[in-house]
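Have a look at the structure below, then the notes.
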Ligand SMILES: Cc1cc2nc3c(=O)[nH]c(=O)nc-3n(C[C@H](O)[C@H](O)[C@H](O)COP(=O)(O)OP(=O)(O)OC[C@H]3O[C@@H](n4cnc5c(N)ncnc54)[C@H](O)[C@@H]3O)c2cc1C
């Protein structure tokens with residue numbers, strides 16, 4: 001079997017690279033073992049225009065969201081699925097300093113599309129013990145059904161015989177000047193999109209990743225009637241009529257992808273402290289994010305092997321970063337358009 005590209009890993013990174021190659025009429029095969037405990041499979045898919053304690057506008061938000069909405073809407077049209085929803089994100093303003101920071105941003109023109117005058121708890125007053133919060137509402141955010149996007153394209157590519165369900169075994173991979181051979185597959189080039197597993201890739205002698213483990217609870221709360229997201233330490237993300245995605249914790253112990261008692265206790269304790277209605281914890285999930293030392297994605301070509309590429313480092317923001325940057329990455333490998341220096345893997349080659 002002969003293809004233009006082999007894509008290794010189909011999280012949201014590999015999925016978006018595949019879509020961009022499809023758009024440019026290039027052939028490819030995806031190799032992925034289809035595990036459930038990957039970052040993309042358990043992510044909430046929040047796209048947040050204003051983040052952090054000091055309410056900082058997300059890096060390149062306007063460009064990222066323009067590309068993201070276009071691509072996710074195209075997927076909706078093709079699949080009939082609903083994968084993108086605009087959401088309000090309610091932030092708690094716990095002290096005077098935070099309230100002052102919020103008020104300062106609220107009057108700035110560049111924050112106008114993202115910060116609302118709205119101070120409503122939007123139904124959270126009915127489920128929280130204490131509804132006496134001062135809050136601010138971030139608008140212009142989105143929730144992306146990342147797993148649904150990946151699984152839809154996975155099935156499609158499987159049906160088109162463009163998918164191999166296994167973990168790439170590097171001992172069966174040969175990189176030659178005229179291409180790449182893996183088992184009976186021959187391709188011009190290979191693209192690695194392995195998420196945090198890039199740290200085990202024997203071909204690249206760079207270590208840009210500082211992976212972090214994220215853990216969450218799936219919580220059953222009957223008839224909650226919530227649609228907005230709410231953040232107080234962790235996010236409340238309504239995912240169905242009776243379920244809330246609650247998280248995520250952040251940990252630096254990344255030897256395995258297993259959920260930990262420590263994170264479970266922290267999440268459960270915060271929930272017990274805050275929720276004023278009966279709840280039942282249905283699931284506890286964990287996965288490792290491909291976070292980068294300088295908090296920017298990395299992509300490009302191997303230092304000495306021109307047919308070996310990488311697209312990775314989406315960190316905590318795969319839902320918004322992947323659509324835009326996969327486009328720039330494919331412009332680079334197909335047309336040689338230079339990559340922005342902030343995302344070029346060569347920044348780690350020094
Ligand atoms: C709890 C949690 C909550 C999150 N919430 C959000 C959020 O709300 N919004 C947001 O934007 N981001 C969120 N993120 C971050 C987001 O999940 C990541 O940015 C994104 O999923 C990374 O995608 P990826 O494709 O690079 O990596 P991954 O999702 O890890 O995918 C990598 C894929 O490569 C495969 N692979 C690895 N090695 C091999 C191999 N040798 N052969 C074949 N395949 C291989 C893996 O099996 C996997 O399928 C969250 C992450 C976590 C853990």
At R0 = 41 Å, FRET efficiency that the Cβ-Cβ distance of residue 175 and residue 53 yields, to 0.05 | 0.35
Proxy exposure order for 325, 59 (fewest C-beta within 10 Å first) is 59, 325
Across 34, 176, 193, the residue with the highest GNM fluctuation in the chain (Cα network, 10 Å cutoff) is 176
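What ranking of 345, 89 emerges when the number of other C-beta atoms within 10 Å of each C-beta is taken as an exposure proxy, fewest first? Don't skip to the answer; put the middle values down first.
Details: 345 22, 89 26.
Taking fewest neighbouring Cβ atoms as first place, the list is 345, 89.
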Bin all alpha-carbon pair distances of region 201-350 at 5 Å intervals from 0 and give each bin's fraction as a whole percent.
-> 2, 9, 16, 16, 14, 12, 10, 9, 7, 4, 2, 0
Return the FRET efficiency for the residue pair residue 223, residue 265: r is the Cβ-Cβ distance, R0 is 22 Å, and the value is rounded to the nearest 0.05.
-> 0.20
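Using the Kirkwood radius over C-alpha pairs as Rh, can you work out the diffusion coefficient of the chain via Stokes-Einstein at 37 °C, viscosity 0.692 mPa s, in µm² per second? Kindly include the intermediate steps, with their values, before the conclusion.
Numbers: Rh = 21.3 Å.
Value of D from the Cα-based Kirkwood radius: 154 µm²/s.
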Cα extents of region 110-194 along the three principal axes, largest first (Å) | 64, 32, 24
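I need the peptides 8-14, 103-109, 269-275 ranked by packing, meaning the mean over residues of other C-beta atoms within 10 angstrom, with the highest value on top. The partial results should precede the final answer.
Values: 8-14: 27.6, 103-109: 12.0, 269-275: 14.6.
Answer by packing, highest mean first, reads 8-14, 269-275, 103-109.
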Across all Cα atoms of region 196-280, Rg and the largest Cα-Cα distance (Dmax), in Å, are 16.3, 52
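Using the per-residue mean of other Cβ atoms lying within 10 Å as a proxy for protection, in what order, highest first, do the peptides 74-83, 239-248 fall? Please list the in-between numbers first.
On the way: 74-83: 13.9, 239-248: 19.1.
Going by the mean number of other Cβ atoms within 10 Å, highest first, we get 239-248, 74-83.
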Report Rg (one decimal) and Dmax (nearest whole number) for region 43-147, counting Cα atoms only, units Å.
-> 15.3, 48
Pairs of Cα atoms farther than 23 Å apart, region 100-256, % | 63 percent
Geometric extent, Cα atoms of region 32-74 - Rg, Dmax (angstrom) = 13.8, 40
Of the peptides 297-308, 208-219, how do they stack up when ordered by the mean number of other Cβ atoms within 10 Å, highest first?
-> 208-219, 297-308
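Just so you know, all these numbers are worked out from the coordinates, no wet-lab data involved. None of the values given here were measured: they were computed from a predicted structure. Glycine gets a Cβ as well: all are built from the backbone with ideal geometry, and neighbour counts include every protein chain shown.
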